[in-house]
Amino acid sequence: MAVEQTLSIIKPDSVGDNNIGAIIARFEEAGLRLAALKMIQLTKAQAEGFYAEHKERPFFPSLVEFMTSGPVCVQVLEGENAIVRNRDLMGATNPEEAAEGTIRRDFATAVSANAVHGSDSAESAKREVAYFFSADEIHTRWA
Ligand code: RTP
Ligand code: MG
């Protein structure tokens, strides 16, 4: 199985709820490694660009407003099959539908405030990692 990188975001609700450490512990306990990490306040343009695939969706304006409502913690997670493994750790988009023991089940309060983002494909991961990090900010631990 291939070692992959994926882009993870701890969203403003979880940062505000003081759950950064608890969520990062989930990744580390599952064997994913942090290759990059930073806290940033997204601008409206940054949030719109990041979620551009959803720009025609009715929830797009509220998604952008939420993602800019406070700082986020963005990280590159690395490991075998990291993209799907991170999505499995996150759980379903709607926390009411998320399986027990997942991050969204345990930390999210609504579909619109759902604790974390994770890249959903290899193509997304490549784009999203580069959206936030330059090559010299990523410290691979698998080479
Ligand atoms: P994310 O991109 O944040 O990891 O979430 P996801 O893949 O699980 O879900 P996606 O379909 O990409 O949607 C992006 C974010 O938009 C909000 N959303 N609201 N029906 C709704 O009101 C609705 N659908 C999606 C969620 O906050 C979701 O995380
Ligand atoms: Mg998505």
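The values are calculated or read from the model by the stated rules, or taken from the named source; none is laboratory data. Everything quoted here is computed from the prediction, not taken from an experiment. Counting neighbours? That spans all protein chains shown, and the Cβs are built from the backbone with ideal geometry, glycine included.
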Check your understanding: In region 66-76, which residues are assigned to a helix (DSSP H, G or I) and either more than 13 Å from ligand 1 (Cβ to nearest atom) or surrounded by 20 or more Cβ atoms within 10 Å (Cβ to Cβ) (or both)?
Key -> 67
Practice item. Report those helices (runs of 4 or more DSSP H) wholly inside region 77-143 carrying at least 3 residues which are surrounded by fewer than 20 Cβ atoms within 10 Å (Cβ to Cβ). Key: 82-90, 122-132
Check your understanding: Among 93, 68, which is the only one that is of a type outside the set (Gly, Ala, Ser) and closer than 20 Å to residue 39 by Cβ?
Key -> 68
Practice item. Please find, among 125, 110, the residue that is at pLDDT 95 or above, hydrophobic (A, V, I, L, M, F, W, C) and more than 19 Å from residue 66 (Cα to Cα). Key: 125
Exercise for review: Evaluate the following for residue 44: is it more than 17 Å from residue 124 (Cβ to Cβ), in contact with a helix residue (DSSP H, G or I) (Cβ under 7 Å, 6 or more places away or on another chain) and modelled with pLDDT of 95 or more?
Suggested key: yes
**Study point:** Selected residue (only one of 22, 45, 98 is more than 12 Å from ligand 1 (Cβ to nearest atom), farther than 30 Å from residue 142 by Cα and out of contact with any Pro (no Cβ under 6 Å at 6 or more places or on another chain))
**Key:** 45
